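To start, the structure itself, in structure tokens.
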Amino acid sequence: MASAPTSKYNSHSLENESIKRGTFFILIDKEVIYICPFNGPIKGRVYITNYRLYLRSLETDSALILDVPLGVISRIEKMGGATSRGENSYGLDITCKDLRNLRFALKQEGHSRRDMFEILTRYAFPLAHSLPIFAFLNEEKFNVDGWTVYNPVEEYRRQGLPNHHWRITFINKCYKLCDTYPALLVVPYRASDEDLRRVATFRSRNRIPVLSWIHPENKTVIVRCSQPLVGMSGKRNKEDERYLDVIRETNRQVNKLTIYDARPNVNAVANKATGGGYESDDVYHNAELFFLDIHNIHVMRESLKKVKDIVYPNVEESHWLSSLESTHWLEHIKLVLTGAIQVADRVSSGKSSVVVHCSDGWDRTAQLTSLAMLMLDSFYRSIEGFEILVQKEWISFGHKFASRIGHGDKNHADADRSPIFLQFIDCVWQMSKQFPTAFEFNERFLITILDHLYSCRFGTFLYNCESAREKQKVTERTVSLWSLINSNKDKFKNPFYTKEINRVLYPVASMRHLELWVNYYIRWNPRIKQQQPNPVEQRYIELLALRDEYIKRLDELQLANSAKLSDPSASPSSPSQMMPHVQTHF
Amino acid sequence: AALGTLYLTATHVIFVETAPDTRKETWVCLFSMSSCHIMFVSLMKYEELYCFSFNPKLDREEREQGWMLVNLSEEYKRMGLPNDYWQLSDVNREYRVCDSYPTELYVPKSATAHIIVGSSKFRSRRRFPALSYYCKDNHASICRSSQPLSGFSARCLEDEQMLQAIRKANPGSDFLYVVDTRPKLNAMANRAAGKGYENEDNYSNIKFQFIGIENIHVMRNSLQKMLEVCELKSPSMSDFLWGLENSGWLRHIKAIMDAGIFIAKAVSEEGASVLVHCSDGWDRTAQVCSVASLLLEPHYRTLKGFMVLIEKDWISFGHKFTHRYGNLDGDPREISPVIDQFLECVWQLMEQFPCAFEFNERFLIHIQHHIYSCQFGNFLCNSQKERQELKIQERTYSLWAHLWKNRVDYLNPLFRADHSQTRGVLHLPTAPCNFMYKFWNGMYNRFEKGLQPRQSVTDYLVAVKEETQQLEEELEALEERLEKIQKVQLNRTKVRSKQSEPSKHSGFSTSDNTNTPQDYSGNVKSFPSRSPSQGDEDSALILTQDNLKSSDPDLSANSDQESGVEDLSCRSPSGGECVPSEDSGKDRDSDEAVFLTA
């Protein structure tokens, strides 16, 4: 079945993706009818490799091309049966993770649907078929190695750690203390390894409070963890109480530690029934606790589902705004941003150090700490800085990418799936809208990250935690997404970027300033002509180039001009008047 | 305490101190339409309006020139009129036929005065069909009128002839669109009052179309509701989105846009002429005609063109500014944000076509502001006739001149005359896409101050654009100067070849080794060529002196140099619109330098 791509065009575009030959092979190459929700049925030729589904229109009046990495597929269904009548009623219906559906009509005879269904199922859900995820087969080569972008020791050193109050510990080297945390942790200097072990017993999944970020001047910190295991009986743990107090004491001028519980109050209370809970004032005397009312993964999943309902395939028309409201998506974005702003404000004003947790400390907590760090630390607003931020707060601290995205898994209805990371990227986009000069990267950068969140072409977002990644030797056996991005940075650069050190960004999380990210959520709709490149950016780049060219030519003319003046015939009486003129331009 | 006069407008209370040297103005905004009704009961006469006392210290001539800036006769000429199909009609001289129309009107050549007058009698307020926009390329036109007095069955031969005349004035199409911008229900209700719409059976070769834009009362309430949402202190997601949706404002904006798009398509794609009307033909008709013209005609997307467009479709065709914006104490039910909606349509278009407009958001906001402010005379009165009777042009100043004077503030740095978006027709999807229509923060939230100033990408663009322009000017000046030097040199060379002896200069140091141009340029390259420091300047100077003395009689080397320069000057600056230099000091400098050289 394997054969080289037949059409020149096709092979060209596959090569464009710079996937080396030999790492992919064509599994299916046949004519189908793509039922385009916008333009009706289109006859096309579909190629399925072990990485992607690629369809090119065979109709002259349509230049349609579909290019769908199999990792994006969340569900494949057969539609119509042997008895179904009507045109194009027999075929496949594919649901994608990136807010679109694909529908293909096939001929009933010759098992063509069965073949396509089976191939797609095998390669879209390799885990169910004991096949490797594509990232492990991908032999792409880039001239930079994205895996070297994040080095925890270097990153902590950049933050000025270790210092008198904070130490780097390797207690979790073999992931014995906490299997979902990274090997390297920053903890208070005065907390012994024994203390850490005791605290771990009192925190959900042993996710003890550890440092995420320290303010370079006032030395207040952002600490992350999971909920305390208080339970119905209101259990206490002396070490945990002492430990939080030690964190408070690392900063002597403040007498309170602020704890942000990302959950709504009721959820936190309800968690007591399953052994969780929150830090109560009576027990933690020197701490104040605030709830940030961010809902859980299930609420977010349903919210995004509603967003999809109103934007795909057709955009809800008659009541667009109230439909948008009914998804609550922007409201969730607002709550996440508001929470992050509060964290950032506490820390930057030096009011107090902040502890952030939710239930397990890998979803909402990651959103809050990473967004707050993005507001506080301009380093994270550069391309590499952002990569480090994602690598650190999300990947190394065990945001469960495998479960939340469901890489290679056929269980599309898994309750563990949730668009938490997408929500984070959406928040970043909202910030970049409000501060168009503060970020080195552009919208395309964010969309590229989201595309490869699902694609399984890179190892970056595979697995739930560092220990699993280490076991699978991900860094040795797969390519990093940052290799792709960093080897072609210009594409992802925001021309308006102006580096500002030490500027704290406070986005306005008011409804009037948040908007739906149309270029992402409605991008499949042909009416959203993504003006690529963005005309504003384009114009700016052109003007910059023009400016540089003028400067260059002025220099050249300057030379020629001076050369002219060297001519003996030029009036000797005036050079002193002429030359300063020429020079004062600059 | 200061003595002064208090002026009241629909949105502002203006306090002007009478102290002659200061005339300090204090503007207090009443950005809520309901609250001002109570406020300005005392204003009964036009004479009390601010514009009659506003004095920007311009002399009479300047004022008159200001009013001349926008000239509609010129505009019709620009459209290519009069021509074989259209002529200027004097039927409305002294406002004999229709007192809310201008005197200068274009009608089909085949429409006789008899037909026009007959048709006018069959039209509400005698607003007969007249030309609004003419498309040179395909002869299609947009005409406007009020509703016909058709009732349930009435007919009028002249009116039917009038429509035929319009259709025939466009040889490229065998039918005429008649667009009634009202919802069908409203139009039908009007029939009971002896008005109504054209019956397709009575008019041959017309295609009749309803486009449901709501009336001024619905729009007034809609704005009121939206402003209530804007005034919420910290709206929740639901408050805001539900409020915005329930206000219906964006839906109305979209309805106007859809009508404009429909007409623009009819004209540009089908090559058909369109007659537009609503009830009286001065609100929705003005909106729709101007939106369609804006989509069709790049000229209206320029600063000047936009002023012309408003002058033509709104001011001259009798949009009732005094009534709609409540400049005087009038019927509050006449107040409605009709032109606000048009300005918002333009803003929505700017959002979708960022490179297509020469002007920016600020321009729109300032126009809107002055429609309410009554500081200038443009938006006074309900018709041309009233304005003439009040001698507005002699007693007030023109906003257009004021805006034009400050045009630098209103330029869109993204605008490019050569851009594909800027040329020709703007193509928008006709299919509904509500999500493209956004809440206009800049207009309705402009008094809300954020925690810190928002960063504006446009500011960056403007800065770089200015820098580029400056460089371009410098470059031109330098090129020009080089050319002159070159000419001088050629002359000298001729002289010299006659003398066959290089001129000697005394008083300079004699040590030299930079005899050939090649050496020289190699030498200069080692200099940091863009250093502003004094030291470099000096050394450059010394170097020049060295070279001045180091006379080089080798003519061939000279000609090499010249050709090099010519190459450079051939590459003339491309693609830049050059605004007249603000920085002419430098140019003068270089001229002087050239003189000195010569």
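The values are calculated or read from the model by the stated rules, or taken from the named source; none is laboratory data. Computed from a predicted model, the values in this text were never measured in an experiment. Virtual Cβ from ideal backbone geometry, glycine too; neighbours counted across all protein chains shown. Only protein heavy atoms, including side chains, enter the accessible area calculation; ligands, DNA and RNA are left aside. Shrake-Rupley method; radii C 1.70, N 1.55, O 1.52, S 1.80 Å.
Name the pairs: first residue in the stretch A:319-331 and within 18 Å of residue A:426 (Cα to Cα) and at the interface with chain B (Cβ under 7 Å from one of its Cβ atoms), second residue open to solvent by 50 Å² or more (accessible area, probe 1.4 Å) and in a helix (DSSP H, G or I), Cβ to Cβ under 6 Å, at least 6 apart or on different chains? Close Cβ pairs (under 6 Å, with a partner that is open to solvent by 50 Å² or more (accessible area, probe 1.4 Å) and in a helix (DSSP H, G or I)) amount to A:325/B:242. When B:254, B:312 are checked against the criterion of being part of a helix (DSSP H, G or I), at pLDDT 95 or above and among the charged types (D, E, K, R), B:312 stands alone in meeting it.
For the stretch A:247-261, a residue qualifies if it is open to solvent by 10 Å² or more (accessible area, probe 1.4 Å) and in a loop (DSSP other than H, G, I, E, B), and the qualifying residues are A:250, A:252, A:253, A:254, A:255, A:256.
Please work out if residue B:89 is under 19 Å from residue B:277 (Cα atoms), crowded, with 20+ Cβ neighbours inside 10 Å, of a type outside the set (Val, Ile, Thr) and out of contact with any Ser or Thr (no Cβ under 7 Å at 6 or more places or on another chain).
Values: under 19 Å from residue B:277 (Cα atoms): no; crowded, with 20+ Cβ neighbours inside 10 Å: yes; of a type outside the set (Val, Ile, Thr): yes; out of contact with any Ser or Thr (no Cβ under 7 Å at 6 or more places or on another chain): yes.
So residue B:89 does not fit the description; no.
Cβ-Cβ distances below 6 Å connect the following pairs, each with a first residue in the stretch B:235-255 that is free of Cβ contacts under 8 Å to residues at least 12 places away in the same chain, a second residue that is part of a helix (DSSP H, G or I) and open to solvent by 40 Å² or more (accessible area, probe 1.4 Å), and a separation of six or more residues or different chains: B:237/A:331. Inclusion of residue A:360 among residues that are in contact (Cβ under 8 Å) with a residue 60 or more places away in the chain, away from chain B (no Cβ under 14 Å), farther than 26 Å from residue A:96 by Cβ and assigned to a loop (DSSP other than H, G, I, E, B) is warranted.
Of all residues in the stretch A:84-104, those satisfying the criterion of being assigned to a strand (DSSP E or B) and of a type outside the set (Phe, Trp, Tyr) are A:91, A:92, A:93, A:94, A:95, A:96, A:101, A:102, A:103. Residue A:313 passes every criterion in (1) in a loop (DSSP other than H, G, I, E, B); (2) farther than 25 Å from residue A:419 by Cα apart from (2).
Restricting the search to the stretch A:489-499, which residues are out of contact with any strand residue (DSSP E or B) (no Cβ under 8 Å at 6 or more places or on another chain) and open to solvent by 70 Å² or more (accessible area, probe 1.4 Å)? The answer is A:490, A:491, A:499.
Of all residues assigned to the stretch A:425-440, at least one qualifies as being among the charged types (D, E, K, R), without any contact (Cβ under 8 Å) to a residue 60 or more places away in the chain and in the same structural domain as residue A:330 (by the TED database). Total residues in the stretch B:162-202 satisfying the condition of being over 30 Å from residue B:217 (Cβ atoms) and open to solvent by less than 70 Å² (accessible area, probe 1.4 Å): the figure is 12. Could you tell me which residue of the stretch A:28-64 is modelled with the lowest pLDDT, considering only residues that are charged (D, E, K, R) and more than 28 Å from residue A:134 (Cα to Cα)? Of everything passing the filter in the stretch A:28-64, A:61 is modelled with the lowest pLDDT.
Of all residues in the stretch A:111-138, those that are closer than 17 Å to residue A:462 by Cα have Cβ atoms under 6 Å from Cβ atoms of residues that are part of a helix (DSSP H, G or I) and open to solvent by 40 Å² or more (accessible area, probe 1.4 Å), 6 or more apart or on another chain, in A:136/A:477.
Quick check on residue B:346: is it on the phi < 0 side of the Ramachandran plot, touching a residue at least 60 places away in the same chain (Cβ under 8 Å) and β-branched (Val, Ile, Thr)?
The answer is no for residue B:346.
If you go through the stretch A:178-186 one residue at a time, do you hit one that is out of contact with any Phe, Trp or Tyr (no Cβ under 7 Å at 6 or more places or on another chain), in contact (Cβ under 8 Å) with a residue 12 or more places away in the chain and surrounded by fewer than 19 Cβ atoms within 10 Å (Cβ to Cβ)? Taking every residue of the stretch A:178-186 in turn, at least one turns out to be out of contact with any Phe, Trp or Tyr (no Cβ under 7 Å at 6 or more places or on another chain), in contact (Cβ under 8 Å) with a residue 12 or more places away in the chain and surrounded by fewer than 19 Cβ atoms within 10 Å (Cβ to Cβ). Here residue A:352 clears all of (1) touching a strand residue (DSSP E or B) at 6+ places or on another chain (Cβ under 8 Å); (2) modelled with pLDDT of 95 or more except the condition numbered (2).
Filtering the stretch B:387-422 down to residues that are away from chain A (no Cβ under 14 Å) and among the basic types (Lys, Arg), which residue is nearest to residue B:69 (Cα to Cα)?
As a first pass, look at the stretch B:387-422 and keep what is away from chain A (no Cβ under 14 Å): B:387-410.
Those left that are additionally among the basic types (Lys, Arg): B:387, B:391, B:395, B:405, B:407.
Working: B:387: 17, B:391: 17, B:395: 17, B:405: 11, B:407: 13 Å.
Looking at the filtered set, the residue picked out is B:405.
Being open to solvent by 60 Å² or more (accessible area, probe 1.4 Å), modelled with pLDDT of 90 or more and β-branched (Val, Ile, Thr), is that true of even one residue in the stretch A:460-480? Among the residues of the stretch A:460-480, at least one is open to solvent by 60 Å² or more (accessible area, probe 1.4 Å), modelled with pLDDT of 90 or more and β-branched (Val, Ile, Thr), which makes the answer yes. Filtering the stretch B:141-184 to residues that are aliphatic (A, V, I, L, M) and in a loop (DSSP other than H, G, I, E, B) leaves B:149, B:154, B:169. Residue A:290 falls short on exactly one of the conditions (1) open to solvent by 70 Å² or more (accessible area, probe 1.4 Å); (2) in contact with an Asp or Glu (Cβ under 9 Å, 6 or more places away or on another chain); (3) outside any strand (DSSP E or B), and that condition is (3). Note on the stretch B:105-140: residues that are in a helix (DSSP H, G or I) and farther than 20 Å from residue B:86 by Cα total 4. Annotation: residue B:276 fulfils all but one of (1) modelled with pLDDT of 95 or more; (2) assigned to a helix (DSSP H, G or I); the unmet one is (2). Scanning the stretch A:206-226 for residues that are polar (S, T, N, Q) and open to solvent by 10 Å² or more (accessible area, probe 1.4 Å) turns up A:206, A:218.
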